[in-house]
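First the structure, in the form of structure tokens, and then the observations on it.
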Amino acid sequence: MRYPYYPGCSVGGTAKAYEESLLAVLERFDLGLDELDDWNCCGASAAPSIDEDRAIALSARNLALAEERAEDSAPVDLLTPCAGCYRALLAAQRSLAEQPAVARRIDGALQAVGLRYERRVHVRHVLDVLANEVGTEAISAAVTRPLDGLKVACYYGCLLVRPNATFDDERNPTSMDRLMEAVGAEPLDWPLKTRCCGGSCYGADPFSGTTPQGALSLSYALLREASRRGADAVVTACPLCQFNLEAFQGEMTRTFGTPIDLTVGYVTQFVGLALGLPERRLGIHRMLRWRLPEREPVAAEGGVHARA
Amino acid sequence: MRRNGSRGKVKSQTEFEARLDPGFAAEIAAEVPDGDRLLGCLQCGTCSGACPLSMYMDLTPRRVIELTRAGARDEVLGSSTIWVCASCYACTVQCPKQIPITELMHAFRRRAFEAGAYPRRFTNPVMTRELVAMAEERGRSTESWIAMKAYLRTDPLQLLKHAVVGLRLMLRGRMSFKRESIRDRRQLAELLRALEAAPAAPGPAPSEPTAREPVPAREGAR
């Protein structure tokens, strides 16, 4: 099966490894991605601050493109790896469903350029698809190199489950924790799962003069707490969160005086490692820091379960 | 104020009240789905407590809501709060009155942009504009360009500070200065243009004045 796929702009830049590892993991389960032809930027959290209708129109074009190649009247699962894009697409859908006047304007504008959105798209985040479509059981069964109790802090960030939680609890989501357990890691109990990393604050700008160290202190609080609880790594499912938590650790150490040095990766990379996929295919070489405790050598036979 | 004694106090109070715009709350509320819930705010402060950035704001979210109800348009639109907000929706999901606070923040930003009342050296409003302009014009946003443009406009020194991170990202193939674009930019431009031409009024009366019309900004605040 192949999912229509909306990558979002970050995946072409800082989050390249996210897409690489996603492709590698899905391939293991005979799943593929069909990138929407000529998709456009969703406008992130910025667009509604300029003009709401235009923000909805940006996502509506993508929703229409997702339906274009699907069979008539069949529902379409549109996959996106980015929490920001995910929120934008959901927000557009919600406005179109709940505000008839907005829907009329947007539908009219789509029609004017020969597009049509029939409300057949079901927007799915990568985490949702891994946990609920591929499923933790299938993933667990495919593990060849379990993560051996690697202590991970599962970080969901803000926009994955807020404001329109669709596949997990908005205060205490668990799908990533279950996924990490399925591949043999040990998800830590920590209270900052959905606390904002500051990434959307000013586009991952911890040096901003807006609020001295505002964004930096948010990511610092997350990483310090993860370290304090003994995390070997922080697992993310959003390009902005990952970048924001990984790229400014040196600055955090200088600013706050507590050394911060934590591996921050994408959920797909950790799943991929447990599936025995080569690091290169998971984009590990693109990470700014990557240090995990040594694992057992590769199991002689495939299909070893993560847990007995 | 105290130096002037109670007379000065009364004077400044009167001046403040004269500046209030009693229609401000209704105007903002009408712009956001379920926005009128702000009128039922309990002032419990849950939003300010939930907000991870409230300590960096000049007005907490709770105070912004109350000042909105009071009609203090200038105070609200001129606050750092609406730009410090990271749109993380922590307040929105916690609010016991289900006030769509984050969406209200977006509405305040739109008003502040319209009124030209945003702080020029804040990175956030500048970056917001750059990102949206790029998304609408080219159909794609290129991270490196947004950051560069925003810093050049606000604080070019930031570029130097970011150079090391940028270089490390480039070495790993995670950052490029190639400006991305969609093929059919014309379609996107036409879509956005068609939106402006589309009837904006809810209901069957298309001639009704609409929420999209620019609201008389400062004069109304008198």
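For the subset of the stretch A:1-46 comprising residues that are among the aliphatic types (A, V, I, L, M) and under 21 Å from B:PHE177 (Cβ atoms), which member is surrounded by the fewest Cβ atoms within 10 Å (Cβ to Cβ)? First the steps, then the outcome.
Step one: filter the stretch A:1-46 for residues among the aliphatic types (A, V, I, L, M), giving A:1, A:11, A:15, A:17, A:22-26, A:31, A:33, A:36, A:44, A:46.
Checking which are under 21 Å from B:PHE177 (Cβ atoms) leaves us with A:11, A:15, A:17, A:44, A:46.
Details: A:VAL11: 22, A:ALA15: 28, A:ALA17: 25, A:ALA44: 29, A:ALA46: 30.
Only one residue tops the list, namely A:VAL11.
The listed residues are A:ARG254, A:ARG281, A:ARG291, and the only one of them that is among the basic types (Lys, Arg), at pLDDT below 90 and not assigned by TED's automatic domain parsing to the domain that holds A:THR14 turns out to be A:ARG254.
Consider the stretch B:113-129 and keep the residues that are facing chain A (nearest Cβ under 7 Å) and of a type outside the set (Lys, Arg). The one that is farthest from B:GLU143 (Cα to Cα) is B:PHE113. For the stretch A:152-182, taking the residues that are free of Cβ contacts under 8 Å to residues at least 24 places away in the same chain and out of contact with any Phe, Trp or Tyr (no Cβ under 8 Å at 6 or more places or on another chain), the one that is farthest from the other protein chains (Cβ to nearest Cβ) is identified as A:ASP177.
Pairs, please: C-beta under 7 Å, at least 6 apart or cross-chain, first residue in the same structural domain as A:SER95 (by TED's automatic domain parsing) and free of Cβ contacts under 8 Å to residues at least 40 places away in the same chain and in the stretch A:42-69, second polar (S, T, N, Q) and part of a helix (DSSP H, G or I)? As it stands, the answer is A:ALA46/B:THR128; A:SER49/B:THR128; A:ILE50/B:THR128, since those pairs meet every condition given.
If only residues of the stretch B:160-196 that are at the interface with chain A (Cβ under 8 Å from one of its Cβ atoms), over 28 Å from the mean Cα position of the chain (by Cα) and not in a helix (DSSP H, G or I) are counted, the one that is surrounded by the fewest Cβ atoms within 10 Å (Cβ to Cβ) is B:ARG183.
When the residues of the stretch B:83-112 are filtered to those that are among the hydrophobic types (A, V, I, L, M, F, W, C) and facing another protein chain (nearest Cβ under 7 Å), which remaining residue is farthest from A:SER49 (Cα to Cα)? Reasoning before the result, please.
As a first pass, look at the stretch B:83-112 and keep what is among the hydrophobic types (A, V, I, L, M, F, W, C): B:83-86, B:88, B:90-91, B:93, B:95, B:99, B:101, B:104-105, B:107-108, B:112.
Keeping just the survivors that are facing another protein chain (nearest Cβ under 7 Å) gives B:83-84, B:86, B:88, B:90, B:93.
Details: B:TRP83: 10, B:VAL84: 13, B:ALA86: 12, B:CYS88: 14, B:ALA90: 18, B:VAL93: 20 Å.
Filtering the stretch B:83-112 for residues that are among the hydrophobic types (A, V, I, L, M, F, W, C) and facing another protein chain (nearest Cβ under 7 Å), the one farthest from A:SER49 (Cα to Cα) comes out as B:VAL93.
The residues of the stretch A:20-44 that are part of a helix (DSSP H, G or I) and farther than 19 Å from A:GLY135 by Cα amount to a single one, A:GLU20.
Here A:SER59 clears all of (1) away from chain B (no Cβ under 12 Å); (2) in a helix (DSSP H, G or I) except the condition numbered (1). If I ask for residues that are more than 11 Å from chain B (Cβ to nearest Cβ) and buried (at least 16 other Cβ atoms within 10 Å of the Cβ), which ones from the stretch A:94-128 would you list? Once the filter is applied, which keeps residues that are more than 11 Å from chain B (Cβ to nearest Cβ) and buried (at least 16 other Cβ atoms within 10 Å of the Cβ), the stretch A:94-128 yields A:LEU96, A:TYR117, A:ARG120, A:VAL121, A:VAL123, A:ARG124, A:HIS125, A:VAL126, A:LEU127, A:ASP128.
The values are calculated or read from the model by the stated rules, or taken from the named source; none is laboratory data. Everything quoted here is computed from the prediction, not taken from an experiment. Every residue, glycine as well, gets a Cβ built from its backbone with ideal geometry; the counts of neighbours run over all protein chains shown.
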